[in-house]
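Heads up, the thing below is written out as structure tokens.
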């Protein structure tokens, strides 16, 4: 970071209304700390309990979604590889909303499947999301690491918003996947 | 058989299962990254319990939050108790508690009620 202007970075983060950001290895201990920090932050801002619960619930799903991907990538590439690093940012969005944005590497083989799944989720009405959630809940088995395959549906259902996503080209084998959720 | 007692932690609920009285309580929040790791001993205990359950099993679910990984485990807990409520000499009732402003938690109780063959009572606290 020889050429880093930290003040510029600070101002950029201020301008973007970022509360907390992290880049690196996503561990269980890190997530525990983030939940505690955000809970304290929302308490200090006297956020109403209902909204706090909603935000907290979605935050947990977003970060655990990244965590589960990271566990897979570490197994594939080793803990030191670039692919084992991810980023997330928590901040404010328009109209007094919260924004949670995550970014992580994925194998290009998963792009189409993931895109199809997200586009499908974004087309569903609240009733259809509920039906899809119940269907998945009652039929799919948990993965060995505890992934239920329900995270994306749950984020859409609980937030009541479309999930925004993008895939950035990295290499022939990997892409950088970003996922954003707005909590009103 | 022995009771199952697990203390509450930052990401996992307290578990208080008493085989003598048939009172099974899960309380707190359940947001572990790997819920299977946490719930495995719970499943094992229930498998043993359901072979000779108390005449009346009362399940008390008092959760503030649970993640999707835990939602699957909760379903598995209820499913493991279904045989103890299938017309034999034992019965199982589920009491699902939710805070008055927590529609999501109320709806979650409703969801399970639709998926599981156990009588549910949704209780506003």
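Nothing in this text is a laboratory measurement; each read-out follows from the coordinates by a stated rule. Since we're looking at a predicted model, the values are computed, not measured. Neighbour counts run over all protein chains shown; Cβ positions are idealised from the backbone, glycine included.
Here are a few things to note about the model shown:
- Chain B: most fluctuating residue of B:63, B:46, B:36 per GNM, C-alpha cutoff 10 Å: B:36
- Note on A:83-92: average number of Cβ atoms from other chains within 10 Å of each residue's Cβ is 0.
- The stretch A:110-138 residues near the modelled residue A:169 label - backbone nitrogen below 20 Å, point 7 Å along Cα→Cβ: A:110-116
- The protein assembly as shown: antiparallel DSSP beta bridges as a percent of all, rounded to 5: 65
- For the stretch B:76-125, the relative contact order works out to 44 percent when only alpha carbon pairs closer than 8 Å and six or more residues apart are counted.
- Contact order normalised by residue count of chain A, Cα under 8 Å, 6+ apart, percent: 24
- The value of relative contact order for chain B, using C-alpha pairs under 8 Å at least six residues apart, is 21 percent.
- Contour excess over end-to-end distance, with Cα ends at residue B:52 and residue B:115 and 0.36 nm allotted per residue: 20.3 nm
- Choice from B:72, B:93, B:29 with maximal GNM fluctuation in chain B (Cα, 10 Å cutoff): B:72
- Look at where the Cα atoms of the stretch A:11-57 and of the stretch B:54-104 average out, and the two centres are 31 Å apart.
- Candidates B:56, B:34, B:85: whichever shows maximal mean-square fluctuation once chain B is modelled as a Gaussian network with Cα springs under 10 Å: B:34
- Potential lengthening between residue A:14 and residue A:96 on full extension [0.36 nm per residue; Cα-Cα distance subtracted]: 28.0 nm
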